[in-house]
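A short write-up of the structure that comes next.
The values are calculated or read from the model by the stated rules, or taken from the named source; none is laboratory data. As the structure is a computational prediction, the values presented were derived from the model and not from experiment. So basically every Cβ, Gly included, is an ideal-geometry build from the backbone, and we count neighbours across all protein chains shown. Side chains are part of the model used for accessible areas, which takes the heavy atoms of the whole protein and leaves out ligands, DNA and RNA. Shrake-Rupley method; radii C 1.70, N 1.55, O 1.52, S 1.80 Å.
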Amino acid sequence: MASTTEQTGTRIKLGGTDITGSVIAFVILAVSVILLLLIGKEQIFPAWMTENFPFSEWVNQAEKWLAENFKWATRAIGKAVVGAMETVEFFLWEAPWLAVVLGLTIPALAYGGLRLAVFTFFGVCLWGSFDMWFEALSTLSMMGIAVALCILIGTTIGIFCAQSDRVEGIVRPVLDTMQVMPAFVYLLPAIFFFGIGPAAAVMAIMIYALPPMIRLTNLGIRQVPPTMLEAAESFGTTRAQLLFKVQIPQALPSIMLGINQTIMMALALAVLAVFVGGGGLGEVVWKAIVKLKVGWSLEGGLCIVVMAIIFDRLSYAMSETRIEPKLLPGEMRFRLLPQAWEKFAPARWVETTISLIWQVCALPARGVIALADRIGAGHWTRNHIYLVMGILVLALIFAIDAWAPKGWRIGGYPRSLEFTIREPIDAAIAWLTVNPTFIAVTQGIRAITYLYFLKPLDTFLTELPWWYITVLFTGLVWMGAGWRLALLTFLSLLFCGAAGLWDLTMYTLAGTTVSVIVCLILGVPIGIWCAYSKTADAIVRPILDLMQTIPAFVYLIPALFFFGGNPTTAIIATVIYAIPPIIRTTTLGIRQIPEQIDEVAKSFGTWPVQALMKVKIPLASPSIMLGVNQTVIMALAMQTVTPLVAGLGLGKEVYDAMNIANTGKGLTAGIGIVLMAVVLDRATQAMTATQRRALGLT
């Protein structure tokens, strides 16, 4: 009878004997070291495969053919897009600043309440206070045109996908590719077909931001209950009536969520759009990066963050409200401070003041409603009072700005309200860069990261034979995720090698692995700390929100200041960008553990550290693995940004291809990143599913 060894870890049964995953890892490592010592030089992918697979040349030939036959159409589309964008931009630039502020604040008040309205008001004013008013409006107009086109095209394609499984089957892999392809790759064909300028920027943003609109429209329509469709059909509705009268209204919350995600992704590409002539806040951030101005870049980044938060909260609030609420002064929805603060006298005074101000502001609206009642439009006016009052207020502002005496006109954003935070930030950064203690810490981090993580792993992957690496990764994926993903892994590695990207792929894999390891080393303890301490969670959460919304480019400047231009800086910038998911999911996983389990552990006399290591972390492992999955994807997404601070690998290949407008070269490297992302994503998902099955959660 075979003996069984009870050990923690992954078990694989071989010939009746249980061997832990740690033993297998030791054997693989030993074989790899022996092979490395025997060969001891960089391995080259077979030349006969690379010579017979000129993939980048095929792409360039296809692009040339498309340009010769369809460039007239793309140029015409580009002119139309530029015309629309310039019209919107000119209107916003010439509009009184108060009209722009209230044009966003009034919808925020109507759908999100007083808190969102106050945040929107001061958030929009922040653009002008940082002296970035016109740049913010340029970004707003570019994003508005791109999002409007995404809504039009995405909703149409989503409806077709919902009506036909065949169409959905064709569109789905295209959307998967669009969502994982590095954003830099979109810029190459955009330049080629639309030229340098706003049209290329809008088209690149559209390609990047379109998938969620299609997916969520398709999902919302497919989730309409069949009983509702049967009831509508029983009344003799046509297919068009069924779509526009039943399915789309029922799918509206899902469609609005798609708009929300589209807006967020459009803003995420605002900085990258500067490379194809898209100005606005992205150009501000890029100029600050070039000049190494941390404070300036942070101001531009904060403007983008505030814009993202405003439109995120506003679109989310609109998705939850089907019609505008009626004007009800004193309604709890308009509370500014938390209701729990009512026991404090200052809070009650603030709420009383707000209620009085609101009732005074409601007097004109009541007058409009009374007038509407006389002409028989009272019911419609009550249900759309914010729309009516918004139009009246904006019309009054435009009238004052056009016809009032010169001294009473509103005009552009007042210079007296401007302020800056760049000087103290630059001073703080300058002090840190000459502080001996801080320099010693940064140099130590750089040395440890490079000497003990990046360099050994890079040597391991690039100097071992290509066939050994291919077989090793294929076998590991087969054991962990099945033969289908193993086949995809095998073909992906062959593609990267045959396309002449073997060394770059291995370096990217090494850099991504090191980034994820560092994220785990730092993120899991922070997540545990937040799970045990509400104070820590309250401190860390807004920091994570800021890290996840601020443009990734902004991270590069302090990383470059503190660590210099080298591959280690790219790793550190990637860690800053990719660490939030692992912190959040670790905190969530530990907090979701039932209290009864903790009580049982205490009843057996376990120490808190023992309960954490032996009980809580194993039970939270599926959630932690989900965080690893998201961290891997975000680390790979950062690969095309890190070349700006001496990052290497496939991202550098994409960046170089963009500089010489070589679409084939950039697309080949981009596909390599896509394949790596798909394999790692599916592998970590399989590991998460395995953990859930082992814990009896599925």
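Only one of the listed residues (Phe244, Phe275) is farther than 27 Å from Gly197 by Cβ and either open to solvent by less than 10 Å² (accessible area, probe 1.4 Å) or assigned to a helix (DSSP H, G or I) (or both). That residue is Phe244. Restricting the stretch 634-657 to residues that are open to solvent by 20 Å² or more (accessible area, probe 1.4 Å), of a type outside the set (Gly, Ala, Ser) and assigned to a helix (DSSP H, G or I), the residue that is nearest to Thr513 (Cα to Cα) is Met634. The sole residue among Thr631, Thr585 that is in contact with a helix residue (DSSP H, G or I) (Cβ under 6 Å, 6 or more places away or on another chain), polar (S, T, N, Q), more than 24 Å from Thr505 (Cα to Cα) and buried (at least 21 other Cβ atoms within 10 Å of the Cβ) is Thr585.
Of all residues in the stretch 278-293, those being surrounded by fewer than 23 Cβ atoms within 10 Å (Cβ to Cβ) and modelled with pLDDT of 80 or more number 6.
Filtering Gly112, Gly103 for residues that are among the small types (Gly, Ala, Ser) and buried (at least 19 other Cβ atoms within 10 Å of the Cβ) leaves a single hit, Gly112. Output the residues belonging to the stretch 476-497 that are loosely packed, with under 15 Cβ neighbours inside 10 Å, at pLDDT below 90 and not charged (D, E, K, R). Result: Met479, Gly482, Trp483. The listed residues are Gln630, Gln596, and the only one of them that is free of Cβ contacts under 8 Å to residues at least 40 places away in the same chain, out of contact with any strand residue (DSSP E or B) (no Cβ under 7 Å at 6 or more places or on another chain) and assigned to a helix (DSSP H, G or I) turns out to be Gln596.
Kindly establish whether Asp537 is assigned to a helix (DSSP H, G or I), free of Cβ contacts under 8 Å to residues at least 24 places away in the same chain and of a type outside the set (Val, Ile, Thr).
No: the conditions fail for Asp537.
Only residues that are surrounded by 13 or more Cβ atoms within 10 Å (Cβ to Cβ) and either at pLDDT below 75 or in contact with a Ser or Thr (Cβ under 8 Å, 6 or more places away or on another chain) (or both) were counted in the stretch 40-58, giving 3.
Taking the criterion of being surrounded by fewer than 18 Cβ atoms within 10 Å (Cβ to Cβ) and in a helix (DSSP H, G or I), the residues of the stretch 548-569 that qualify are Gln548, Phe561. Taking the criterion of being within 21 Å of Gln179 (Cα to Cα) and either open to solvent by 10 Å² or more (accessible area, probe 1.4 Å) or acidic (Asp, Glu) (or both), the residues of the stretch 194-211 that qualify are Met203, Met206, Ile207, Tyr208, Leu210. Residue-level analysis places Ala661 outside the set of residues that are among the aliphatic types (A, V, I, L, M), farther than 15 Å from Met181 by Cα and without any contact (Cβ under 8 Å) to a residue 40 or more places away in the chain.
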